[in-house]
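The values are calculated or read from the model by the stated rules, or taken from the named source; none is laboratory data. What you are looking at is a predicted structure, and each value in this text was computed from that prediction instead of being measured. No Cβ is skipped: glycine too gets one built from the backbone with ideal geometry, and neighbour counts run over all protein chains shown. Just the protein is used for accessible areas: all its heavy atoms, side chains included, with ligands, DNA and RNA removed. Shrake-Rupley method; radii C 1.70, N 1.55, O 1.52, S 1.80 Å.
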Amino acid sequence: MKVSVIGMGAVGTEIVGFLVHMSEVTEIVAVDKARAKAEAEIWDFSHTTPFTYAKNPLLIAGDYADTAGSNIVVITAGAQLQQGQTRDDLVRVNSAILREIIQQVERYSPGAIVINVTNPVDVMTQVMLMASSYPAGKLISAGTLIDTARFLRILSDHVKIDPKNIYGYMLGDHGATGFIPWSLCKVCGLDVDSYCRLNGLPPIDREAVRQQTLEAGFRIFERKGNTNHGIAASVFRIIRAIEGNEQSILPLGVMLKGEYGVNGLVMSVPCVVGRNGVERVLSYEFSDEEMAGFRRSESHLRELLALT
Ligand SMILES: NC(=O)c1ccc[n+]([C@@H]2O[C@H](COP(=O)([O-])OP(=O)(O)OC[C@H]3O[C@@H](n4cnc5c(N)ncnc54)[C@H](O)[C@@H]3O)[C@@H](O)[C@H]2O)c1
């Protein structure tokens, strides 16, 4: 499998790290407008291969021609948040950058699955869908997978259970209007309130958990100027689901075509992920309150889209 990563900043570099050290990928291509930076990262990674369990992948820092025939392309290129900005402030500048990038990506890898990470992630994915001919299931965003990871970690700290035994999502939008469908959330098979009651734990303050989840990225960003470990692990999780044709459920950004009553908008929803990318959007019956959260995300994303 050949994977190309466009943008070798904090996030792209960490994703390449996961791929070099933990994947079965045979070829990794890194592209960045700062070519020397991409070269330096790739040389540095190449010096890990004598010592790790890497499968000795071919490592290339190059340009778009080198990405030809990629199975997966990950896009992390673009402007990064400045202190005081929100993800939404990046809309205009990143729209212009990504329209150019997707044309180059499609020219060389029309059959690839493209995973977008650049923020605001769902809106930028829609911009690229409109500027290319990739089908909806093959040009997808990392969506609320990272928010979901943060949510599961926060719950895990409360219930003192490995987050891998907790099921739940944050959905809608990787931004201020993301919402948690608590009716789907299960701790070891129990709803959260029952789990806490039966195990002598204080009940969960749902709104506080939502706020903590939404603020988690900013708390990291304020201290180190970026977030990269969690998002890189999230993207690697998506790549593994594609590579293994897992049919796993991941909350990713995908163009909705009537699901949940939404048409023509990329939103983060639970998706079935396999070798063809997002193969299906899962249907759920949300409560009225959850559906209201969904609609707030929808309105917010439509407002952002109008700015592109
Ligand atoms: N979706 C998520 O959950 C999530 C999480 C973290 C970061 N992000 C987003 O990912 C993006 C990258 O974050 P980062 O911390 O790696 O930023 P960064 O500034 O460290 O890296 C961005 C890289 O993109 C490159 N670049 C810019 N324009 C380019 C172009 N036209 N062609 C090729 N390369 C180009 C830059 O040279 C830089 O190396 C940002 O938009 C950020 O907001 C998203």
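Here are some notes:
- One residue alone among 30, 40, 65, 77 is in contact with a helix residue (DSSP H, G or I) (Cβ under 9 Å, 6 or more places away or on another chain) and open to solvent by 40 Å² or more (accessible area, probe 1.4 Å), and that residue is 65.
- Here residue 64 qualifies as within 11 Å of the ligand (Cβ to nearest atom) and farther than 30 Å from residue 216 by Cα.
- Residue check, residue 77 within 14 Å of the ligand (Cβ to nearest atom), under 24 Å from residue 277 (Cβ atoms) and part of a strand (DSSP E or B): no
- Whenever a residue of segment 222-247 is among the basic types (Lys, Arg), its partners that are open to solvent by 30 Å² or more (accessible area, probe 1.4 Å), lying with C-beta atoms within less than 8 angstrom and at least six residues away or across chains, give the pairs 240/246.
- For the criterion of being modelled with pLDDT of 95 or more, within 15 Å of the ligand (Cβ to nearest atom), assigned to a strand (DSSP E or B) and surrounded by 13 or more Cβ atoms within 10 Å (Cβ to Cβ), residue 114 passes.
- The residues in segment 80-111 that are open to solvent by less than 20 Å² (accessible area, probe 1.4 Å), touching a residue at least 60 places away in the same chain (Cβ under 8 Å) and more than 9 Å from the ligand (Cβ to nearest atom) can be counted, and the count is 4.
- Test: residue in segment 45-57 that is open to solvent by 10 Å² or more (accessible area, probe 1.4 Å), in contact with a strand residue (DSSP E or B) (Cβ under 7 Å, 6 or more places away or on another chain) and in a helix (DSSP H, G or I): yes
- Condition met for residue 186 (closer than 27 Å to residue 263 by Cβ, surrounded by fewer than 22 Cβ atoms within 10 Å (Cβ to Cβ) and in contact with a strand residue (DSSP E or B) (Cβ under 6 Å, 6 or more places away or on another chain)): no
- Flag for residue 154 being part of a strand (DSSP E or B) and in contact (Cβ under 8 Å) with a residue 60 or more places away in the chain: no
- Boolean, residue 80 is modelled with pLDDT under 95 and either among the hydrophobic types (A, V, I, L, M, F, W, C) or within 19 Å of residue 303 (Cβ to Cβ) (or both): no
- Qualifying residue in segment 8-27 (condition: in contact with a Ser or Thr (Cβ under 6 Å, 6 or more places away or on another chain), away from the ligand (no atom under 15 Å from the Cβ) and modelled with pLDDT under 95): yes
- Residue in segment 207-221 that is farthest from residue 8 (Cα to Cα), counting only those that are in contact (Cβ under 8 Å) with a residue 24 or more places away in the chain and open to solvent by 40 Å² or more (accessible area, probe 1.4 Å): 210
- Verdict on residue 137 being within 11 Å of the ligand (Cβ to nearest atom), within 18 Å of the chain's Cα centre (by Cα) and open to solvent by 10 Å² or more (accessible area, probe 1.4 Å): no
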